[in-house]
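The values are calculated or read from the model by the stated rules, or taken from the named source; none is laboratory data. Just so you know, these numbers come straight off a predicted model, no measurement behind them. Here the Cβ is made from the backbone with ideal geometry for all residues, glycine too, and neighbour counts use every protein chain on show. These accessible areas exclude ligands, DNA and RNA; they are computed on the full protein's heavy atoms, side chains included. Shrake-Rupley method; radii C 1.70, N 1.55, O 1.52, S 1.80 Å.
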Amino acid sequence: MDHSELAGAFFKQGYNCSQSVLLAFAETYGLSLEQAAQVAAGFGGGMGRLGHTCGAVSGGLMALGLARGIVTPGDKAAKEETYALARRFQARFAERFGALDCKDLLGVDISTPEGQAQARAEGRYTGCAAFVQGAAALLSEMLNELTPAR
């Protein structure tokens, strides 16, 4: 099963968008599934259901950090490389899906109980599976394009 399929499977199990994407990459990069689920737990629904940055994007950025993140504080070149990769990932996601924020992706503000009810009633959350799988696929593509990890 590839990372995209794994992310989709985690999402179907009930994990939030951020957890699903990070879980798909966690064990590949040395993080346990339990730790990944805990770390990403608050990022679903656009940062705690505020409708900000999509959890699939946040989970992808966390996975990118596991794969290529800076580990030495003074390594400015590595920091800039990581930031460049993060910007590229976000740009590709936005190009593919049209936005980065949940409220824009879903077309409704989910930061209120009324907005959440509207999103459920109108089936807006069904698009989240595509965002999760798409984020994981984009990240896999990016990582495959890179030279071996540092």
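Consider Lys76 against the criteria (1) of a type in the set (D, E, K, R); (2) open to solvent by 80 Å² or more (accessible area, probe 1.4 Å); (3) in contact with a helix residue (DSSP H, G or I) (Cβ under 9 Å, 6 or more places away or on another chain): it satisfies all of them except one. Which criterion is unmet?
(3)
Do you know which residues across segment 12-38 are open to solvent by less than 50 Å² (accessible area, probe 1.4 Å), in a helix (DSSP H, G or I) and not small (Gly, Ala, Ser)? Break it down into steps so the answer makes sense when it comes.
At the first step, the residues of segment 12-38 found to be open to solvent by less than 50 Å² (accessible area, probe 1.4 Å) are 16-26, 31-32, 36-37.
Subset that is in a helix (DSSP H, G or I): 17-26, 36-37.
Within segment 12-38, Cys17, Gln19, Val21, Leu22, Leu23, Phe25 meet the criteria.
Considering only residues that are part of a helix (DSSP H, G or I), under 16 Å from Gly44 (Cα atoms) and open to solvent by 20 Å² or more (accessible area, probe 1.4 Å), which ones fall in segment 93-130? Even if it seems obvious, please write down each step before you answer.
Applying the first criterion (part of a helix (DSSP H, G or I)) to segment 93-130 yields 93-97, 102-106, 113-121, 124-130.
Add one more test, that the residue is under 16 Å from Gly44 (Cα atoms), and what stays is 102-106, 113, 115-116, 119-120, 124-130.
Of everything in segment 93-130, those that are part of a helix (DSSP H, G or I), under 16 Å from Gly44 (Cα atoms) and open to solvent by 20 Å² or more (accessible area, probe 1.4 Å) turn out to be Lys103, Asp104, Leu105, Pro113, Gln116, Arg120, Arg124, Tyr125, Thr126, Gly127, Ala129, Ala130.
Please go through segment 75-99 and pick out each residue that is acidic (Asp, Glu) and within 20 Å of Ala56 (Cβ to Cβ).
Step one: list which residues in segment 75-99 are acidic (Asp, Glu), which gives 75, 80-81, 95.
If the condition is that a residue be acidic (Asp, Glu) and within 20 Å of Ala56 (Cβ to Cβ), then Glu95 is the only one that fits.
Please count how many residues of segment 131-150 are hydrophobic (A, V, I, L, M, F, W, C) and either surrounded by fewer than 13 Cβ atoms within 10 Å (Cβ to Cβ) or without any contact (Cβ under 8 Å) to a residue 60 or more places away in the chain (or both). Talk me through it step by step, then tell me what you get.
Within segment 131-150, the subset hydrophobic (A, V, I, L, M, F, W, C) is 131-132, 135-139, 142-143, 146, 149.
Filter again for either surrounded by fewer than 13 Cβ atoms within 10 Å (Cβ to Cβ) or without any contact (Cβ under 8 Å) to a residue 60 or more places away in the chain (or both), leaving 146, 149.
Going through segment 131-150 one residue at a time, the tally reaches 2.
How many residues does segment 39-50 hold that are farther than 21 Å from Val71 by Cα and either outside any loop (DSSP other than H, G, I, E, B) or of a type in the set (Phe, Trp, Tyr) (or both)?
7
So, Met1, is that one surrounded by fewer than 22 Cβ atoms within 10 Å (Cβ to Cβ) and under 12 Å from the mean Cα position of the chain (by Cα) or not? Give the derivation first.
Details: surrounded by fewer than 22 Cβ atoms within 10 Å (Cβ to Cβ): yes; under 12 Å from the mean Cα position of the chain (by Cα): no.
When the stated conditions are applied, Met1 does not pass them.
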